[in-house]
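To start, the structure itself, in structure tokens.
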Amino acid sequence: MHAPDIFEERTQEFMASETLTGLLVERAKQHPDRMALRQKRYGIWIPTTWRELWQKSAGFGLFLKTRGLKPGECVTVLGDNKPEWLIAEFGTLAVGGVISGIYPDSLPEEAKYLIEASDARFVVVADQEQADKLLKIWDEISGQVSAVIVWDSRGMSHYYRQYPFLLRLETCIEEGLQKGGAPDRELVPSSPDEIAMMLTTSGTTAKPKLALLSHHNLLFLARSFGQVIPMDESDDILSLAPMAWIGEQLYNVVRFLDCGFRYNFPEEAETVQRDLLDLQPTYFGGIPAIWEGIASIIQASIDNADFLKRTVYTRAVEVCQKAVEMELAGEHLSSWKSLLRALARFFIMRPLTKQVGLGRVKVAITGGAAISPEIFKYFKALDIDIRQIYGQTECSAIATCHREGDVRPESAGVPLPGVTVKITEDGEIFVGGEGVMVGYYKNPEATAQAITPDGYLRTGDDGFMDKAGHLFVFDRHKDVMHLADGTRFAPQDIETRLKFSPYIREAVVIGENRPHISALISIDMENVGNRVKKQGVAFTTFHDLSQKDEVYRLIQGEIVRLTAAFADAMKVKCFANLIKELHPDDGELTRTRKVRRTLVYERYQPLIDALYEGKGEHFLDLRIRFEDGHEATFSGQVRIMEAG
């Protein structure tokens with residue numbers, strides 16, 4: 001079937017319905033030969049037009065329909081960010097299905113849990129690595145899943161002979177176009193109120209739930225966000241965050257359909273930095289860990305530069321940071337300071353941002369977790385218009401955002417148009433509006449707990465709003481702590497400030513009912529290693545490096561520097577460098593790299609107790625998991641040091 005045959009009268013129902021599929025059809029009809037997306041392959045950006053994207057999506061949707069997928073049933077995708085993910089997603093939506101996703105680094109049992117929890121009828125996977133995960137659990141899911149569809153079949157020819165339930169994506173698309181009937185009769189127009197996505201919650205305190213989001217939820221929120229940060233067909237976006245995450249789905253996938261910008265996909269996860277440098281996108285969004293990583297790359301490269309370059313950079317950053325702080329405080333810059341900043345931006349900051357791929361960015365977004373004010377101000381000093389957002393999967397990703405000219409680093413901005421935010425008497429943040437989810441899949445009890453009778457989402461976060469309407473988020477409502485003397489503190493605030501250091505990858509703060517605050521530190525091995533190598537320090541493993549005297553003194557200095565402005569009770573008094581990185585495979589982090597605080601406390605309880613017993617070291621004995629699923633014992637001495 002040729003591409004033009006896709007567009008028949010029935011597609012008018014898609015457009016009129018205000019659905020995601022309707023938007024795709026509309027763009028394919030109006031601009032069939034315009035580039036919709038690009039993927040880098042073998043160093044070359046390969047384009048796909050709107051017509052091609054819709055044709056492949058329609059073909060896959062017709063295949064699903066011929067294989068028995070009914071409206072409302074789920075298709076789950078497991079793989080890295082690639083155009084094929086979009087084809088699977090849009091094809092599923094075209095026949096009234098619901099799309100769900102699994103993070104690509106998930107273990108087989110995690111995939112099994114989400115496949116079973118979503119009642120997925122089909123699973124689309126990226127490659128041999130992901131297919132192998134499904135093979136390990138196939139006996140347990142085979143009664144539910146009809147087929148596993150693979151989009152990159154390199155090295156898998158023998159798989160298809162051995163496992164008949166494995167299918168090639170390109171074959172499925174061809175079968176759908178040849179045998180699925182006329183698209184104008186077979187594709188199912190969706191109602192805006194029908195469920196489009198079934199996305200996982202963060203899962204910081206328990207197994208993730210599946211939030212049901214309708215076409216209307218997503219489009220309402222995307223258009224509300226677009227009133228604050230508009231985008232158009234001339235813009236370029238690079239797909240970085242996992243496509244199973246609501247942030248990528250709302251900010252990139254839904255807005256891609258609504259705004260029509262060019263959606264670009266990196267060649268591989270390992271080439272992201274190079275592809276970012278090559279593309280220079282006009283908008284850029286990332287979780288705080290991405291911004292912390294970019295800041296670490298810049299600062300580490302400056303540390304390795306010669307004396308003159310370090311001096312010029314340091315002076316330029318000081319000038320720009322001072323100007324940023326004055327502007328944020330509402331102070332007027334003198335002509336001399338304005339000139340100095342302009343010169344620093346032109347000769348230092350602009351080339352620097354271009355070297356990390358952010359040279360064309362008009363607006364940048366940070367969200368998904370709290371970001372350190374120091375990191376935020378740092379990027380403002382680099383002349384990047386960075387804005388912070390706040391939201392959750394359950395409210396379609398975004399509830400508040402900074403407005404142009406009204407940016408406050410400590411706040412998460414003001415509510416989007418049509419979104420209501422209120423604070424309860426005990427400090428919990430409630431969110432209302434048409435972006436609030438329909439509910440949790442097959443979990444009416446949790447839905448009733450999450451959504452009030454008048455339609456507000458109970459976020460579970462603590463915060464307050466100032467007189468100007470800015471939202472300030474402390475921490476999870478359950479995670480706000482009290483020292484033994486009753487002093488109240490938010491561990492997340494201290495942790496985000498500590499992670500401004502290029503040498504600290506993760507920090508977990510302790511102090512509930514304790515006499516003072518302590519911290520478990522996971523070092524950044526690359527940056528710390530480069531630093532101590534200059535001092536002639538030799539090391540072998542992460543464990544070895546983390547326990548070096550020079551590393552402890554380095555981290556001690558960073559803690560003191562970054563918490564200098566805190567009240568004395570809020571300062572970290574002692575710390576320990578962990579002998580292994582915190583990792584999702586061990587359950588210590590979520591797949592979006594949020595700390596699972598309760599599990600970390602349980603796992604490291606003996607070490608935490610040692611922090612408060614005046615001991616100089618503690619023997620840590622852990623069970624760790626590897627990517628292939630097997631477990632092993634990991635142990636060693638951990639030093640404890642005062643931070644003062």
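The values are calculated or read from the model by the stated rules, or taken from the named source; none is laboratory data. Small disclaimer: the values here were computed from a predicted structure and weren't measured. We place every Cβ from the backbone using ideal geometry, glycine too, and count neighbours over all the protein chains shown. To get the accessible areas, we keep the full protein, side chains included, count just its heavy atoms, and leave off ligands, DNA and RNA. Shrake-Rupley method; radii C 1.70, N 1.55, O 1.52, S 1.80 Å.
Tally the residues that are assigned to a strand (DSSP E or B) and either touching a residue at least 40 places away in the same chain (Cβ under 8 Å) or polar (S, T, N, Q) (or both), restricting the search to the stretch 31-56.
Initial filter on the stretch 31-56 (assigned to a strand (DSSP E or B)): 35-41, 44-49.
Checking the rest, the ones that are also either touching a residue at least 40 places away in the same chain (Cβ under 8 Å) or polar (S, T, N, Q) (or both) come to 35-41, 45, 48-49.
Here the count works out to 10.
Quick one: how many residues across the stretch 92-106 are open to solvent by 10 Å² or more (accessible area, probe 1.4 Å) and not aromatic (Phe, Trp, Tyr)?
Final tally of qualifying residues: 2.
From the set of residues in the stretch 396-420 that are touching a Pro at 6+ places or on another chain (Cβ under 6 Å) and open to solvent by less than 20 Å² (accessible area, probe 1.4 Å), which is nearest to residue 452 (Cα to Cα)? So that I can check it myself, show each step before the final result.
Step one: list which residues in the stretch 396-420 are touching a Pro at 6+ places or on another chain (Cβ under 6 Å), which gives 400, 409-410.
Right, trim to open to solvent by less than 20 Å² (accessible area, probe 1.4 Å) and you get 400, 409.
Details: 400: 20, 409: 30 Å.
The selected residue is 400.
Which members of the stretch 600-617 meet the condition of being at pLDDT 90 or above and either in contact with a Ser or Thr (Cβ under 9 Å, 6 or more places away or on another chain) or among the charged types (D, E, K, R) (or both)?
Across the stretch 600-617, the qualifying residues are 602, 603, 608, 609, 611, 612, 613, 617.
Of the residues 52, 73, 89, which is within 22 Å of residue 255 (Cβ to Cβ), at pLDDT 95 or above, out of contact with any Pro (no Cβ under 6 Å at 6 or more places or on another chain) and surrounded by fewer than 24 Cβ atoms within 10 Å (Cβ to Cβ)? Spell out how you get there, then give the answer.
On the way: 73 fails: within 22 Å of residue 255 (Cβ to Cβ); 89 fails: surrounded by fewer than 24 Cβ atoms within 10 Å (Cβ to Cβ).
Checking each option against the conditions leaves just 52.
Would you please name the residue that is farthest from residue 200 (Cα to Cα), looking only at residues in the stretch 574-590 that are charged (D, E, K, R) and surrounded by fewer than 20 Cβ atoms within 10 Å (Cβ to Cβ)?
The initial filter retains those residues of the stretch 574-590 that are charged (D, E, K, R), namely 580-581, 585-586, 588.
Checking the rest, the ones that are also surrounded by fewer than 20 Cβ atoms within 10 Å (Cβ to Cβ) come to 580-581, 585.
Working: 580: 27, 581: 24, 585: 17 Å.
My answer is 580.
Using beta carbons and a limit of 8 Å, which pairs, at least six apart or on different chains, have the first residue in the stretch 267-280 and under 16 Å from residue 79 (Cα atoms) and the second one in a helix (DSSP H, G or I) and of a type outside the set (Ser, Thr, Tyr)?
Every condition considered, the pairs that remain are 267/275.
Of the conditions (1) within 30 Å of residue 240 (Cβ to Cβ); (2) not in a helix (DSSP H, G or I), residue 327 satisfies every one except a single condition; which number is it?
Checking residue 327 against (1) within 30 Å of residue 240 (Cβ to Cβ); (2) not in a helix (DSSP H, G or I), the one that fails is (2).
Out of 423, 371, 429, which single residue is open to solvent by 40 Å² or more (accessible area, probe 1.4 Å), within 17 Å of residue 473 (Cα to Cα) and in contact with a strand residue (DSSP E or B) (Cβ under 8 Å, 6 or more places away or on another chain)? Let's see the steps before the verdict.
Values: 371 fails: open to solvent by 40 Å² or more (accessible area, probe 1.4 Å); 429 fails: open to solvent by 40 Å² or more (accessible area, probe 1.4 Å).
Result: 423 is the single residue among 423, 371, 429 that is open to solvent by 40 Å² or more (accessible area, probe 1.4 Å), within 17 Å of residue 473 (Cα to Cα) and in contact with a strand residue (DSSP E or B) (Cβ under 8 Å, 6 or more places away or on another chain).
Could you tell me whether residue 166 is modelled with pLDDT of 95 or more, under 21 Å from residue 99 (Cα atoms) and out of contact with any His (no Cβ under 7 Å at 6 or more places or on another chain)?
Details: modelled with pLDDT of 95 or more: yes; under 21 Å from residue 99 (Cα atoms): yes; out of contact with any His (no Cβ under 7 Å at 6 or more places or on another chain): yes.
Against the criterion (modelled with pLDDT of 95 or more, under 21 Å from residue 99 (Cα atoms) and out of contact with any His (no Cβ under 7 Å at 6 or more places or on another chain)), residue 166 qualifies.
Only one of 425, 434 is without any contact (Cβ under 8 Å) to a residue 12 or more places away in the chain and farther than 30 Å from residue 321 by Cβ. Can you tell me which? Before you say what the answer is, go through the steps one by one.
Values: 434 fails: without any contact (Cβ under 8 Å) to a residue 12 or more places away in the chain.
One residue alone meets the criteria, 425.
State which residue is surrounded by the fewest Cβ atoms within 10 Å (Cβ to Cβ) when the search covers only the stretch 22-49 and only residues that are at pLDDT 95 or above and basic (Lys, Arg).
Going through the qualifying residues, I end up with 34.
For the stretch 150-159, indicate whether the set of residues that are surrounded by 24 or more Cβ atoms within 10 Å (Cβ to Cβ) and either in contact (Cβ under 8 Å) with a residue 12 or more places away in the chain or farther than 30 Å from residue 24 by Cα (or both) is non-empty. Please lay out each step first, then the result.
Of the residues in the stretch 150-159, the ones surrounded by 24 or more Cβ atoms within 10 Å (Cβ to Cβ) are 150.
Subset that is either in contact (Cβ under 8 Å) with a residue 12 or more places away in the chain or farther than 30 Å from residue 24 by Cα (or both): 150.
Scanning the stretch 150-159 turns up at least one residue that is surrounded by 24 or more Cβ atoms within 10 Å (Cβ to Cβ) and either in contact (Cβ under 8 Å) with a residue 12 or more places away in the chain or farther than 30 Å from residue 24 by Cα (or both).
Under 9 Å by Cβ, and 6 or more places apart or on different chains, what pairs join a residue from the stretch 57-85 that is without any contact (Cβ under 8 Å) to a residue 40 or more places away in the chain with one that is assigned to a strand (DSSP E or B)?
Qualifying pairs under 9 Å: 70/121.
Restricting to the stretch 529-541, what's the tally of residues that are touching a helix residue (DSSP H, G or I) at 6+ places or on another chain (Cβ under 8 Å) and in a loop (DSSP other than H, G, I, E, B)? Lay out the reasoning, then the answer.
At the first step, the residues of the stretch 529-541 found to be touching a helix residue (DSSP H, G or I) at 6+ places or on another chain (Cβ under 8 Å) are 529-532, 535, 537, 539.
Applying the additional criterion that residues be in a loop (DSSP other than H, G, I, E, B) yields 535, 537, 539.
Looking only at that region, the number is 3.
Conditions (1) open to solvent by less than 40 Å² (accessible area, probe 1.4 Å); (2) assigned to a helix (DSSP H, G or I); (3) at pLDDT below 90; (4) polar (S, T, N, Q), marked per residue:
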{"residue": "319", "(1), (2), (3), (4)": "yes, yes, no, no"}
{"residue": "338", "(1), (2), (3), (4)": "no, yes, no, yes"}
{"residue": "346", "(1), (2), (3), (4)": "no, yes, no, no"}
{"residue": "394", "(1), (2), (3), (4)": "yes, yes, no, no"}
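Considering only the stretch 148-170, how many residues are assigned to a loop (DSSP other than H, G, I, E, B) and of a type outside the set (A, V, I, L, M, F, W, C)? Write out each step before concluding.
As a first pass, look at the stretch 148-170 and keep what is assigned to a loop (DSSP other than H, G, I, E, B): 151-156, 163-165.
Next cut, of a type outside the set (A, V, I, L, M, F, W, C) only: 152-155, 163-164.
Residues meeting the conditions: 6.
Of all the strands (runs of 3 or more DSSP E) wholly in the stretch 400-492, which have at least 1 residues that are under 22 Å from the mean Cα position of the chain (by Cα) and small (Gly, Ala, Ser)?
On the way: elements: 420-423, 428-432, 457-465, 471-476.
Correct list: 457-465.
Please pick out the residue among 512, 526 that is part of a helix (DSSP H, G or I), open to solvent by 60 Å² or more (accessible area, probe 1.4 Å) and either among the polar types (S, T, N, Q) or on the phi < 0 side of the Ramachandran plot (or both).
Working: 512 fails: part of a helix (DSSP H, G or I).
One residue alone meets the criteria, 526.
Residue 113 passes all but one of (1) in a helix (DSSP H, G or I); (2) aromatic (Phe, Trp, Tyr); (3) open to solvent by less than 10 Å² (accessible area, probe 1.4 Å); which number fails?
(3)
So for the stretch 351-370 (the condition being without any contact (Cβ under 8 Å) to a residue 12 or more places away in the chain, more than 19 Å from the chain's Cα centre (by Cα) and not in a loop (DSSP other than H, G, I, E, B)), does at least one residue qualify? It would help to see each step written out before you state the result.
Going through the stretch 351-370, the residues without any contact (Cβ under 8 Å) to a residue 12 or more places away in the chain turn out to be 351.
Now drop any that are not more than 19 Å from the chain's Cα centre (by Cα), which leaves 351.
Cutting the leftovers down to not in a loop (DSSP other than H, G, I, E, B) gives us 351.
Checked the stretch 351-370: at least one residue is without any contact (Cβ under 8 Å) to a residue 12 or more places away in the chain, more than 19 Å from the chain's Cα centre (by Cα) and not in a loop (DSSP other than H, G, I, E, B).
Can you tell me which condition residue 150 does not meet? The list is (1) modelled with pLDDT under 95; (2) over 24 Å from the mean Cα position of the chain (by Cα), and all the others hold.
For residue 150, the exception is condition (1).
Which condition does residue 620 not pass, out of (1) at pLDDT below 95; (2) open to solvent by less than 70 Å² (accessible area, probe 1.4 Å); (3) out of contact with any helix residue (DSSP H, G or I) (no Cβ under 6 Å at 6 or more places or on another chain); (4) more than 25 Å from residue 242 (Cβ to Cβ), if it passes all the others?
The failed condition is (3).
Restricted to the stretch 542-570, and to residues that are in a loop (DSSP other than H, G, I, E, B) and either of a type in the set (Asp, Glu) or modelled with pLDDT of 95 or more (or both), which residue is most open to solvent (accessible area, probe 1.4 Å)?
Kept after step one, since they are in a loop (DSSP other than H, G, I, E, B), are these residues of the stretch 542-570: 547-548, 563-567.
Applying the additional criterion that residues be either of a type in the set (Asp, Glu) or modelled with pLDDT of 95 or more (or both) yields 547-548.
On the way: 547: 28, 548: 51 Å².
Among those residues, the one meeting the criterion is 548.
Can you spot a residue in the stretch 357-364 that is closer than 22 Å to residue 497 by Cα and of a type outside the set (Phe, Trp, Tyr)? Break it down stepwise before answering.
The initial filter retains those residues of the stretch 357-364 that are closer than 22 Å to residue 497 by Cα, namely 364.
Those still in the list that are of a type outside the set (Phe, Trp, Tyr) too: 364.
Yes, the stretch 357-364 contains a residue that is closer than 22 Å to residue 497 by Cα and of a type outside the set (Phe, Trp, Tyr).
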